[in-house]
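The values are calculated or read from the model by the stated rules, or taken from the named source; none is laboratory data. The model shown is predicted, which means the values in this text are computed figures rather than measured ones. We place every Cβ from the backbone using ideal geometry, glycine too, and count neighbours over all the protein chains shown. With ligands, DNA and RNA removed, areas are computed over all heavy atoms of the protein, side chains included. Shrake-Rupley method; radii C 1.70, N 1.55, O 1.52, S 1.80 Å.
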Amino acid sequence: MNYLLKDATVLTMNAKREILRVDVILRDGRISEMGENLTARPGELIQRVDLRGKLLMPGLVQAHVHLCQTIFRGQAEDMELLEWLEEKVWPLEAAHSLDTLHASARLGIAELVMGGCTTALDMGTVHHTEAIFEAAKEMGFRLFTGKAMMDAGKGRPGPMRENTRESLAEAERVKKVWHGSENGRLRYAYAPRFVLSCTEELLVEVVGRARDSGCLLHTHASENTAEIEQVREKHGTDNVAYLYDLGLTGHDVVLAHCVWLTAREMKLLKESETRVAHCPTSNLKLASGVAKLPELIDQQIHVSLGSDGAPCNNGLDMFTEMRIGALLPKHRAGVKAVPAQKMVELATIGGAECLGIARDVGSVEIGKKADLIVLNLDAPHLRPRHDLYTMLCYSGRPSDIQHVFIDGELVVKDRQLIPIDMEVILEDADKALAKVLRRAEL
Ligand SMILES: [Zn+2]
């Protein structure tokens, strides 16, 4: 379907950061025209949508999430990272089957799109990664994901133990089926879980394979002090420095967290153009620490925003990440630490740049894919009208999202999820959790 979006206020996020009052035409999944008084071509079948008083902007980009954990929301409270993983999250992930993982991914994607996210970079669990791709396919979502690779380390439950060869073979199998499918909307990302769960052999091997196939590399790094201490004991160097030595840094690498960095590691991230997914709420909830967002930005390191998994947040809401991300550094670096506009950039075009897809999404410009969201501004918490960046960063909420387009298709219309009945998603998620809890060795 083609769409004629009339009279929108458009927060373009283009290079000039223009805010326009124009009509926008979507054809064949892309933004075809922008301008005043646009009309359909003679004989063209087009759906007209009146956006007077609404805000049209690029869809939000979620740069670090674990859809496999969505049904574990509320199951692992008040624990620090390594204990949280070994005692709760890994045993729960280990108890997933294809159907429970599918239900978890659908619940997560439903929450993301209802909150204005059109793209996510996800880390799967060890098995059943196809269930996550299947959910994204059904729901018309733009997703990068890959199996979590875990061929070493302590605390892994039986079903999550794999050797290097098995881990690589499974990654290849899933990549072959899914990478680039659905008009390029679904992409494989190599996802070694973190340094402590991987052999050096695996890490080196995935770097080569990812670069041969043009896939992203996604891992966790320097989230927690106990983690970086263990990395130092094991490898005699700092976490990010170790990744750098292995070649696991670069413009195609997205490192989640980067809370604990040395000055040298900051330099390495900058020089190598490595991408950072900042997850402020997760870092607070697991008491991991606070990443130095103003310093990362000052050093022109590419930063994006992520919610991380539902059990360490406990929501998948990018508005919260913008708000917390902006507020958190103020007590230390002053009120001007990170401007609201910068936070909106990280959540849109900045996120797209981190994922290597800024040529296609992240701003409202002619020729780009139509990953767009429409916000209804008729809510008390958004009035009186004021600077749009300030409004989005500090006052915006998922409930303000009225319509969501991905690849030019309406995925949310008038706050209703279109591809799948929400009742079914919610019911399936409850059943899936009950099944996992019966099976998990907790
Ligand atoms: Zn994570």
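Just a few scattered comments:
- Matching residues in region 306-318 - criterion: being more than 13 Å from the ligand (Cβ to nearest atom) and buried (at least 23 other Cβ atoms within 10 Å of the Cβ): D317, M318
- Candidate set from region 410-438 (those that are buried (at least 16 other Cβ atoms within 10 Å of the Cβ) and not aliphatic (A, V, I, L, M)); member that is farthest from I357 (Cα to Cα): K435
- The set of residues from region 178-217 being crowded, with 23+ Cβ neighbours inside 10 Å, of a type in the set (K, R) and touching a residue at least 60 places away in the same chain (Cβ under 8 Å) comprises just one member, R193.
- Restricting attention to region 345-371, the residues being over 19 Å from F141 (Cβ atoms), open to solvent by 20 Å² or more (accessible area, probe 1.4 Å) and small (G, A, S) number 1.
- Picking from residues in region 83-95 that are within 13 Å of the ligand (Cβ to nearest atom) and more than 14 Å from D308 (Cα to Cα), the one that is surrounded by the most Cβ atoms within 10 Å (Cβ to Cβ) is E93.
- L107 of a type outside the set (D, E), more than 20 Å from I418 (Cα to Cα) and away from the ligand (no atom under 13 Å from the Cβ): no
- The single residue among E93, E44, E77, E83 that is more than 30 Å from M150 (Cβ to Cβ) and of a type in the set (D, E, K, R) turns out to be E44.
Each row is one residue, and each column tells you yes or no for (1) of a type in the set (S, T, Y); (2) assigned to a helix (DSSP H, G or I); (3) within 30 Å of L20 (Cβ to Cβ).
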residue: T390; (1), (2), (3): yes, yes, yes
residue: S399; (1), (2), (3): yes, yes, yes
residue: L410; (1), (2), (3): no, no, yes
residue: V424; (1), (2), (3): no, yes, no
residue: A432; (1), (2), (3): no, yes, no
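- Tallying residues that are surrounded by 21 or more Cβ atoms within 10 Å (Cβ to Cβ), touching a Lys or Arg at 6+ places or on another chain (Cβ under 9 Å) and closer than 19 Å to D400 by Cβ within region 326-344 yields 2.
- Residue check, E321 more than 26 Å from L51 (Cα to Cα), buried (at least 19 other Cβ atoms within 10 Å of the Cβ), away from the ligand (no atom under 16 Å from the Cβ) and within 14 Å of the chain's Cα centre (by Cα): no
- Hits in region 284-302 - residues which are open to solvent by less than 20 Å² (accessible area, probe 1.4 Å) and in contact with a Leu (Cβ under 9 Å, 6 or more places away or on another chain): L286, S288, A291, L293, L296, I301
- Neighbours by Cβ (under 8 Å, 6+ apart or cross-chain): first from region 402-417, of a type in the set (K, R); second at pLDDT 95 or above and buried (at least 22 other Cβ atoms within 10 Å of the Cβ): K413/H403; R415/I401
- Residues being closer than 24 Å to D400 by Cα, away from the ligand (no atom under 16 Å from the Cβ) and open to solvent by 60 Å² or more (accessible area, probe 1.4 Å) - total across region 33-82: 4
- Considering residues of region 115-138 that are of a type in the set (A, V, I, L, M, F, W, C) and in contact with a Leu (Cβ under 7 Å, 6 or more places away or on another chain) only, the residue nearest to the ligand (Cβ to nearest atom): L121
- When region 249-271 is filtered for residues that are in contact with a Ser or Thr (Cβ under 9 Å, 6 or more places away or on another chain), open to solvent by less than 60 Å² (accessible area, probe 1.4 Å) and among the hydrophobic types (A, V, I, L, M, F, W, C), the ones remaining, listed by number, are V253, V254, L255, A256, C258, V259, L261, L268, L269.
- Given (1) within 21 Å of G289 (Cα to Cα); (2) open to solvent by 20 Å² or more (accessible area, probe 1.4 Å); (3) away from the ligand (no atom under 16 Å from the Cβ), index of the condition L246 fails: (1)
- Residue tally, condition touching a strand residue (DSSP E or B) at 6+ places or on another chain (Cβ under 6 Å), within 16 Å of the ligand (Cβ to nearest atom) and open to solvent by less than 10 Å² (accessible area, probe 1.4 Å), over region 272-283: 4
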